[in-house]
Amino acid sequence: METSQFEAGSIQPGETATALAGRAAARLDRLPLTWMQWRLALITQVFWGVIIAADGIPAKLYPFIWGPRHSFGEAAFSVMLAVQFGVGILVGEYLIGIVADRWGRRTALLLSSFAVALPLWPTALTDNYWLLLLFFGLSSIGMGGVLATNVVYMGEIVPPRERGRVMLASQIVAVLVFGLLGNVPGILWVPAHYDWFIYLFTIVPVVLLVPLALWALPESPRWLEAHGRHEEAEHIMTVLEAECLRRSGLASLPEPDYASYAVPVSEHVPVRELFRGEYGERTVLLLVAWIIGYAGLVYGFTGYLPVLLRSFGFSAGHTFGALLVASVAGGCTALAICALIGEAVERRTSIVVSACLFCGAMYVLYFEHGIVATYVLSAVAWGTMTAWLFNMYNYTASAYPTRLRATGVGLTDGLGHLGSVFGPLVAGALFATAALPGHAGWYLYVTIPGALLPAALIGWRGINQRRAILEQISG
């Protein structure tokens, strides 16, 4: 039989808003894991995969379109990467992160979908550098929005005992969508129909993601109750509990442990709290780790991997093929391994191991340039970079309380994209220098300060999160 309203922790007559704080969180975390949580987690990762697939368009097209046309040089290309990977995403993460904490996670995802799609289409119509710089930069604001929101929503829905496994397994779908959508059309259309490649990312977010946000994704009950909107949280919780009860086959749901879920109710986003006390220490650590990680391991590596493959003599088809294998086979395998590990290992341990394996693959790639070896080593490097990146996303989202979570992620990951501003510039200079043979300076840059240093910081000073309740590790 189904639980009664009282057993489900519903609102009782005469209760105050303060007494209700934490009810939705307690009720969510005691639910059995069913298709309900998996479905919502997978939807958020479809958002990530579709939107971030547009992230690398300039890096993928420059070696085959604007470079051969002499539209602009490598220095200008580095600036374009800095604007798209850095400035635009930084602005989007911070501003849309505030939207997510003030007006809701679903609203932020909807806004991100429009923000990435609408400014992108003019880039298919011009070779003018300044127009490309402007519109790629504006489009990346939407990319920042989905980065600030997707892991936040997913972490708030999944119970702590299954959080690591479900989040990382769901992120396999994000990587799969990212890899297929970002590379298969490139194999088919670049360079002859590269404009179709760009138009694809204008159409798909509007046609696919907007309907998902409007009709398939309920607002996070944790966010609703943290803003005092208890009736809406109650309505959504009733639906989610009924679905879990039906899918699990249980006669009743366990009693919620309300005592462990004290959540202050706030209508506003107290941003200054991110820089005070324990949260301040976490914010500084995450800012430093994100800045140097984005500068090297993430965008210093991915921004120049297509150019590196081109320098090996790869055609457009072989280059996009290598990127497809790297992102899909490498990324999905790495996240599958992390998902199997689940909550058995601390996230900060996974971050350290991923960085070390990335460095090993890159050093072998420096000496091995054969097509098979390059495909395999690129896949290992991309996969371990993906494992580092997604574990960092999940670690960051679990480091702050509900009232600050999206803002905290948007601030640290967003300002972390400062590394994406100077990272491609430094990477480009080292890549082009003839002082060290075979782009050796670039290899050293993306591995030592770019990968090992941020991983060491998180491993040394990071917090433990394994199987912990969000309201306790972030409270």
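3J(HN,Hα) along region 143-155: 5, x, x, 6, 5, 6, 10, 5, 6, 5, 4, 4, x Hz, from the Karplus curve 6.51 cos²θ - 1.76 cosθ + 1.60 with θ = phi - 60°, whole Hz, x for Gly and Pro. Across the accessible surface of the chain, with the other protein chains kept in place and a 1.4 Å probe, carbon and sulfur atoms take up 68 percent. For the chain, the Cβ-based charge dipole about the Cα centre amounts to some 620 debye (Lys, Arg positive; Asp, Glu negative; other atoms uncharged).
Can you give me the angle between helix 230-248 and the longest principal axis of the chain, using Cα atoms only, in degrees from 0 to 90, rounded to the nearest 10? Computed tilt is about 80 degrees. Computed extension gain for HIS70 through GLU278, at 0.36 nm per residue and net of the alpha carbon distance, reaches 69.8 nm. Placing unit charges on the Cβ atoms of the charged side chains and taking the dipole of region 271-474 about its Cα centre, the candidate lying farthest along the positive direction among LEU285, ALA406, SER378 is ALA406. Here region 19-254 yields Rg over Rh of 1.06, to two decimals, using C-alpha coordinates and the Kirkwood radius. Mean residue ellipticity, 222 nm, helices only, the chain: the sum of -39500 (n - 2.57) across DSSP H runs of n ≥ 4, divided by residue count and rounded to 500, is -20500 deg cm²/dmol. Per residue, region 346-475 exposes 34 Å² of solvent-accessible protein surface, assessed with a 1.4 angstrom probe and all protein chains in place. Karplus-derived 3J(HN,Hα) values for region 412-427, using 6.51 cos²θ - 1.76 cosθ + 1.60 with θ = phi - 60°, are 6, 6, x, 5, x, 6, 4, x, 6, 7, 8, x, x, 5, 5, 4 Hz; glycine and proline are entered as x.
What the phi angles of region 298-311 give under the Karplus curve with 6.51, -1.76 and 1.60, with θ = phi - 60°, is a coupling list of 8, 7, x, 7, 5, x, 10, 4, x, 5, 4, 4, 5, 5 Hz, glycine and proline written as x. Legend: calculated FRET efficiency, THR126 to ARG246, from the Cβ-Cβ distance at R0 = 56 Å, rounded to 0.05, equals 0.55.
Working from Cα positions, state the angle (0 to 90°, nearest 10) between the long axis of helix 35-52 and the longest principal axis of the chain. Taking Cα atoms only, the helix is inclined about 30 degrees. Relative to the compact-globule estimate of 2.2 N^0.38 Å, the Cα radius of gyration of the chain comes out at 0.97.
For the pair LEU340 and ALA432, label points projected 7 Å from Cα toward Cβ lie 4.4 nm apart. Of interest is the spacing of the C-alpha centroids, which for region 322-338 and region 399-448 amounts to 21 Å. The alpha-carbon atoms of region 184-329, seen along their principal axes, cover 63, 43, 29 angstrom, with the largest extent given first.
The values are calculated or read from the model by the stated rules, or taken from the named source; none is laboratory data. On a predicted model such as this, the values are computed, not experimentally measured, just so you know. For neighbour counting, all protein chains shown are included, and Cβ atoms are generated from backbone atoms with ideal geometry for every residue, glycine included. Note: accessible area is taken over every heavy atom of the protein model, side chains too, but ligands, DNA and RNA are not part of it. Shrake-Rupley method; radii C 1.70, N 1.55, O 1.52, S 1.80 Å.
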